[in-house]
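The values are calculated or read from the model by the stated rules, or taken from the named source; none is laboratory data. What you are looking at is a predicted structure, and each value in this text was computed from that prediction instead of being measured. Cβ placement follows ideal geometry from the backbone for every residue including glycine, while neighbour counts extend to all protein chains displayed. The accessibility values were calculated without ligands, DNA or RNA, using every heavy atom of the protein model including side chains. Shrake-Rupley method; radii C 1.70, N 1.55, O 1.52, S 1.80 Å.
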Amino acid sequence: MSRIYFLVSSMQGGGAERVAALLCNHWVEQGHYVTLMPTFSGRGECVYPLDERVRLDFLADYVSSSALSIFKKFKRYLALRCAIRKAQPDVIISFLPHVNVAAILAAWGLEVPVVVAERTYPPARSIGQMLGVLRRLTYPRATTVVVQTQKALAWLSDCCPRANGRVIPNPAVYPLPTGMPVLHPASVVGETRCVILAVGRLNKEKGFEQLVSAFATLATTYSEWDLVIVGEGPERESLESKRQRLGLSDRFYLPGRAGNPGDWYARADLFVMSSHFEGFPNTLVEAMAHGLPAVSFDCDTGPADIIREGVDGYLVNPDEGATGLANAIRSLVEDENKRRCMSQQAVSVRDRFAAKKIMVAWDEVLGIRQEFVDG
């Protein structure tokens, strides 16, 4: 059996972290020894269900380094390298650019294969000039660089021509496990209300401001519909101010983060994604797996790989902004039959992105790694 060392920034929420937990659980079920190490200096906690056989090991327990000085970063790098040497893993897996670069550098010369993964479309988000240079220099030294879409693979070919890329999308997990906190939909919206649902961290890149603007243009005409955005983050105050300003206090709800998203998908009638960019959005796949027709900006990348235009949802040109989003939502709000037909088609993501298929793809990557170790 393999000793797998999994590095991720934190386990406090997010799509990358959810997939990390799923993969760790999958591999310990296969009998592998898995260590999951969040590298965030603030330590934090794991909010996703994690098999008790997964060893959760925080880098923060090895070195105190809340400051961002070069000296502190170097201490954390040395601590990570020492942890890797002590664990003697057969393979290291890392998520997210800054952790990926650190993993490759920390494993340098240790003859341990390193698999790194990009979890968004890299050109859509600046990581800074220095980290960008380090990424270009280190990724060719990774055994495999996993990306989520063909467009991201094309970026990798241009950015790091010598890197070995592999496309593996996120899995459609159905049914979803329940974690904490549990937040019941009935405590937020009445049972007779129709619900437009969005799920995600309340960050600017999720574009929730535009979604609220789109809903505001529809609220008066479609008085039986409410908007719910499940999630938490730094944009809460801005969204609450906008809700008050638009007079939507009894129509638009921000209940916070829910560890039972499956209950919310089951309660909703329509799912909307307003992100400026994505990688391969878990929430969109999860919503469709629960039979929700979807409306999404056709951003880079992900939605176009998931939604089949006019079959199980609508893709909106980002240049059309809140107006385009409102028009697509209106077409579904007005046509219950269309929603029903799209709902029946949406659940095909359970097969198209079945967790078993995705895990097999990751197993193949580890199989290559194991051959590398054995050979």
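Among the residues examined, G42 qualifies as out of contact with any Asp or Glu (no Cβ under 7 Å at 6 or more places or on another chain), outside any strand (DSSP E or B), at pLDDT below 90 and within 22 Å of Y77 (Cα to Cα).
Scanning the range 48-98 for residues that are modelled with pLDDT under 85, of a type in the set (A, V, I, L, M, F, W, C) and assigned to a loop (DSSP other than H, G, I, E, B) yields a count of 3. Restricting the range 210-241 to residues that are over 26 Å from the mean Cα position of the chain (by Cα) and not hydroxyl-bearing (S, T, Y), the residue that is most open to solvent (accessible area, probe 1.4 Å) is E224. Of the residues R81, R55, the single one that is in contact (Cβ under 8 Å) with a residue 12 or more places away in the chain, basic (K, R), open to solvent by 60 Å² or more (accessible area, probe 1.4 Å) and within 28 Å of E364 (Cα to Cα) is R55. Taken over the range 129-155, the criterion of being part of a loop (DSSP other than H, G, I, E, B) and either open to solvent by 40 Å² or more (accessible area, probe 1.4 Å) or closer than 18 Å to I104 by Cα (or both) is satisfied by A142, T143. In the range 1-39, of all residues being more than 20 Å from L202 (Cα to Cα) and assigned to a loop (DSSP other than H, G, I, E, B), the one that is farthest from the chain's Cα centre (by Cα) corresponds to M1.
For the range 281-325, a residue qualifies if it is out of contact with any strand residue (DSSP E or B) (no Cβ under 8 Å at 6 or more places or on another chain) and either at positive phi or of a type in the set (D, E) (or both), and the qualifying residues are G291, D305, G310, D319, E320, G321.
Considering the conditions (1) out of contact with any Phe, Trp or Tyr (no Cβ under 8 Å at 6 or more places or on another chain); (2) not in a loop (DSSP other than H, G, I, E, B), L110 is excluded by exactly one of them, (2). Scan the range 186-226 for residues that are in a loop (DSSP other than H, G, I, E, B) and over 19 Å from C299 (Cβ atoms) and the total you get is 11. There is no residue in the range 161-168 that is closer than 17 Å to H98 by Cβ, in a loop (DSSP other than H, G, I, E, B), touching a residue at least 60 places away in the same chain (Cβ under 8 Å) and open to solvent by less than 10 Å² (accessible area, probe 1.4 Å). Within the range 148-157, the only residue that satisfies the criterion of being of a type in the set (A, V, I, L, M, F, W, C) and in contact (Cβ under 8 Å) with a residue 60 or more places away in the chain is A152. Say whether the condition of being without any contact (Cβ under 8 Å) to a residue 12 or more places away in the chain, farther than 24 Å from N317 by Cβ and either touching a Lys or Arg at 6+ places or on another chain (Cβ under 9 Å) or crowded, with 18+ Cβ neighbours inside 10 Å (or both) is met by at least one residue in the range 243-250. Yes, that holds for at least one residue. For the range 312-333, residues that are open to solvent by 20 Å² or more (accessible area, probe 1.4 Å) and in contact (Cβ under 8 Å) with a residue 12 or more places away in the chain total 8. Test D300 against the criterion of being open to solvent by 10 Å² or more (accessible area, probe 1.4 Å) and modelled with pLDDT under 95, and give yes or no. Judged against the criteria, D300 is a match. Across the range 266-283, the qualifying residues are those that are in contact with a Leu (Cβ under 7 Å, 6 or more places away or on another chain) and more than 14 Å from V188 (Cβ to Cβ), and the one among them that is surrounded by the fewest Cβ atoms within 10 Å (Cβ to Cβ) is L270.
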